[in-house]
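Worksheet for the structure shown next.
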Amino acid sequence: MQQRIDTDPFEATQETDEHEQEFIKADLERGMSFPRSKPLVAILGGSFDPITDAHLKAACEIIHSKCADEVWITPCGARPDKPSLKTSALDRLIMCHLAVDTMFGSKFPLAVKDVELPLTQAAPTLHLVREMEARHPDKDFAFVIGTDLVSGLEQWGCAAVPEWGREAIPTEVAGPRLFAECNFIVINRPGYMIPEEYAKRMKKNFHYLSPMAGQTLVTQRLSSSEVRSRIRTPSMRSVPREGSTSFGANEKVAIEDGNFAMVEGLMPPAVLAHIIRNRLYV
């Protein structure tokens, strides 16, 4: 089974020094060129396990900065290669819909797409982009990634997607094709460097997310894994259940109950309600 990459721009993928100055190509364009021949859609992919305010802020700023005309949040399908992803694709899709439907007006160009929900396993990025292009020939697409992922793009595999009639492509072919042919919107992750050897090779298909003149980019450094970790951290105020006396037993009870107070305000209330109601991450 080919290893797949979590494309979520807020999940850590490599060791980093938080105080290290990131390298950004100086002449990387701020956004796609104008005028556009077609509306440009930014695909914000990832597991969204769960979706957080950081994802939503990134999506908003892509629109506000004019880097794209629309953003499509596209949660990945099942990941048999990632045992830590225990939340079903349906639950993750529902949370994305709850986030968008309760936080944005109907005219804001942000949508959730279920294109991967019927798949037996998540689609590789190259196949996902090509499938979107085939389904929506009236639009252009750009995939959103973090600065930490750029140097590894050419090693991304491309397994078959039988449901879409797309065959596997060898990594040595798919990776360079992805790097050279697909459009990317790159979100800066403090402490993650784009190695200069890769930055020099980045062509006009790479575009850096930066604010319009006179504005400041609004971001939030929050990963889904941080949310899950907080929920699973026992609360100091947890009350032992009747008949439970040992520290270990009480700690287990606290973890099972979920420390949901620690993630209040980090995601839309409707998403947190879904997590609590369905006892996710406990």
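Tabulated data
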| read-out | value |
| --- | --- |
| Residue match in the stretch 87-99 (condition: of a type in the set (Lys, Arg) and crowded, with 22+ Cβ neighbours inside 10 Å) | yes |
| Lone unmet requirement of (1) at pLDDT 95 or above; (2) out of contact with any His (no Cβ under 8 Å at 6 or more places or on another chain) for residue 194 | (1) |
| Within the stretch 47-71, considering residues that are surrounded by fewer than 24 Cβ atoms within 10 Å (Cβ to Cβ) and among the acidic types (Asp, Glu), the one farthest from the chain's Cα centre (by Cα) | 69 |
| Yes/no for residue 98 being modelled with pLDDT under 95 and closer than 20 Å to residue 272 by Cα | no |
| For residue 198: the one exception among (1) closer than 19 Å to residue 114 by Cα; (2) of a type in the set (Phe, Trp, Tyr); (3) in a helix (DSSP H, G or I) | (1) |
| Enumeration of residues in the stretch 71-92 that are among the acidic types (Asp, Glu) and either in contact with a Lys or Arg (Cβ under 8 Å, 6 or more places away or on another chain) or free of Cβ contacts under 8 Å to residues at least 24 places away in the same chain (or both) | 81 |
| Pick from the stretch 208-247, criterion outside any loop (DSSP other than H, G, I, E, B) and over 17 Å from the mean Cα position of the chain (by Cα), ranking: modelled with the lowest pLDDT | 247 |
| Selection from the stretch 212-232 of residues that are touching a residue at least 60 places away in the same chain (Cβ under 8 Å) and surrounded by 15 or more Cβ atoms within 10 Å (Cβ to Cβ) | 217, 219, 222, 223, 224, 225, 227, 228 |
| Residue list for the stretch 190-205, restricted to those being touching a Ser or Thr at 6+ places or on another chain (Cβ under 9 Å), of a type in the set (D, E, K, R) and closer than 30 Å to residue 36 by Cβ | 204 |
| Where residue 197 falls short, out of the listed (1) without any contact (Cβ under 8 Å) to a residue 12 or more places away in the chain; (2) surrounded by 18 or more Cβ atoms within 10 Å (Cβ to Cβ) | (2) |
| Subset tally (residues that are polar (S, T, N, Q) and exposed (fewer than 12 other Cβ atoms within 10 Å of the Cβ)) for the stretch 163-194 | 0 |
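The values are calculated or read from the model by the stated rules, or taken from the named source; none is laboratory data. Only a predicted model underlies this, so the values are computations on that prediction, with no experimental measurement involved. Here Cβ is always computed from backbone atoms with ideal geometry, including for glycine, and neighbour counts include all displayed protein chains.
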